[in-house]
Structures are given as structure tokens and as C-alpha cells.
Amino acid sequence: MNPADYDAWYATPRGRWVGDTEYALAKRLLAPRAGDSLLDVGCGTGWFTRRAAADGLIATGLDPDSAWLDYARARSPGDVNWVEGDARTLPFADAGFDHVLSIAALCFVDGERQAVAEAVRVARRRFAIGWLNRNSLLYRQKGRGGGSGAYRGARWHGADEVRALFSGLPVRKLTLRAAIYLPAATRWARALEQTIPGALPWGGMLLAAGEKA
């Protein structure tokens, strides 16, 4: 998939709802203040990075793909910083950002545990990292047999596997919340999403959030 097609999906009714729902959950768990710094690891086209910048955060997007970063750079305000780099060896100082965000990106990285450790290392206050959930309706639709479309090649995890990725790391108050329980995004599905407790571990997106110890 090329970056233009990927970003265009977020302009569709379903894509916009999925993106808005995931970002709202991450924002609630991070609880950032205007002027805080945020690193978006595996930012791709920068859709979530731009949302953070629009909320008054000092946003940096990191991705290994220079073509996707060029696309992101061309569509963002000039105060967003874009960095080419590897999630497993982040080119930033310890505690270099108030918050670290990553949405469905580390599940495409070989060596997820190292990428998680790096995200925690560069976080000063809080982190929110999202994975695709194997115990979800989305997995049944898009994840089987190696995945399809933008999900091809992704690793899908259950809640216990996500928690295990943080074992031994300097984190506290680790919380798992889910979103996108009914990925069809019909009107009734969107309405029902608002009534489902995020603590139920069956949403298509599992978001692990916590504080730097």
C-alpha cells in the first residue's frame, strides 16, 4: 500500500471513525497538556502525529520509511518534526519526551520487546502503545491467514501477551483498554461502541498505557 492510499482511508467514514476512536482513547489515557512533547513511533503518514499537533502538543513523528515521511512532511504544519529511524534503536535521549504514542505500528516490527523498551526509555511521563487484538472481531475479518490489506504481516496479540511485553521494564500503573469492538462502523455499531466498557479485552485495538517509573 502506498502512503496516499493509506491516508485516504482515514478520510472515509469508517476510517475517520476508527482513527478518531483510537486517538480519543490514547488521548484520554495519556492526559497530555498543551505544550507537552510527544513522540509518535511508527507514525507512517503522520495522521495521529498531526492530530497531536493540532491539540497543541510539540509533536515528533518517527518512521523507518523515508517515502512515507516525505508524504507526512508535505501535509503537516511546519512545527511538526519528522525523523527517519528504527523503533528498536530510537535516536533520542532517555526521557526525551513527555509522552510516547504508537498506534498499531510495533506489531509490524521484528523485536517488539526491544521496541517497547525503547518507547519506555524515551518517555518522561506517560506512554500509550496500541496493538492489534487477536481476540477480536477485527482479527476474524482481517487477521487470519497472515492478514489482508493494511493488516498483512501484522502480529496480533492477546491481553496477556501485551502485558508480558512490559515485564521488567520501569513502568507503573500499566492499564489495558480496548476500542473498535464492532469494526463495521455502521451507525448502530458506532452508537454501541460508546456503551461498551473499554476494560473489556475484545476490541480490535488493545492500548497499553502507563507511567514511567
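Every number in this text was worked out from the coordinates using simple rules, so none of it is lab data. Remember, predicted model here, so these are calculated numbers, not experimental data. Here the Cβ positions follow ideal geometry from the backbone for every residue, glycine too, while neighbour counts run over all protein chains shown.
Remark: the chain carries a charge dipole of roughly 780 debye about the Cα centre, counting +1 on each Lys and Arg Cβ and -1 on each Asp and Glu Cβ.
Pull out the extension gain between Ala189 and Asp20, defined as 0.36 nm times the separation in residues minus the alpha carbon to alpha carbon distance; nm, one decimal.
Values: separation 169, 0.36 × 169 = 60.84 nm, distance 1.45 nm.
Residue separation times 0.36 nm, minus the Cα-Cα distance, leaves 59.4 nm.
Under 20 Å of direct C-alpha separation, and excluding same-chain neighbours fewer than eight residues apart, Lys142 reaches no lysines at all. Per the Debye formula with a single identical scatterer at each Cα and no solvent contribution, what log10 I(q)/I(0) holds for region 48-120 at q = 0.15, 0.22, 0.23, 0.28 Å⁻¹? Result of the Debye calculation: -0.50, -1.09, -1.18, -1.49. Considering only Lys173, Lys142, Lys27, the Gaussian network model of the chain with Cα springs below 10 Å gives its largest mean-square fluctuation to Lys173. Remark: relative contact order (the chain) = 19 percent; criterion is Cα-Cα distance under 8 angstrom and separation of 6 or more residues. Considering only Ala26, Gly78, Gly96, and ranking their Cα positions along the charge dipole of the chain that arises from unit charges at the beta-carbon of Lys, Arg, Asp and Glu, the one farthest toward the positive end is Ala26. Spacing of the modelled spin labels on Asp110 and Arg140, each 7 Å from Cα toward Cβ, amounts to 3.4 nm. Mean-square fluctuation check for the chain, GNM, Cα pairs under 10 Å: which of Phe92, Phe108, Phe48 is largest? Sorting by GNM fluctuation, first place goes to Phe92.
In µm²/s, what is D for region 7-138 at 10 °C and 1.306 mPa s, where D = kT/(6 pi eta Rh) by Stokes-Einstein and Rh is the Kirkwood radius from Cα pairs?
108
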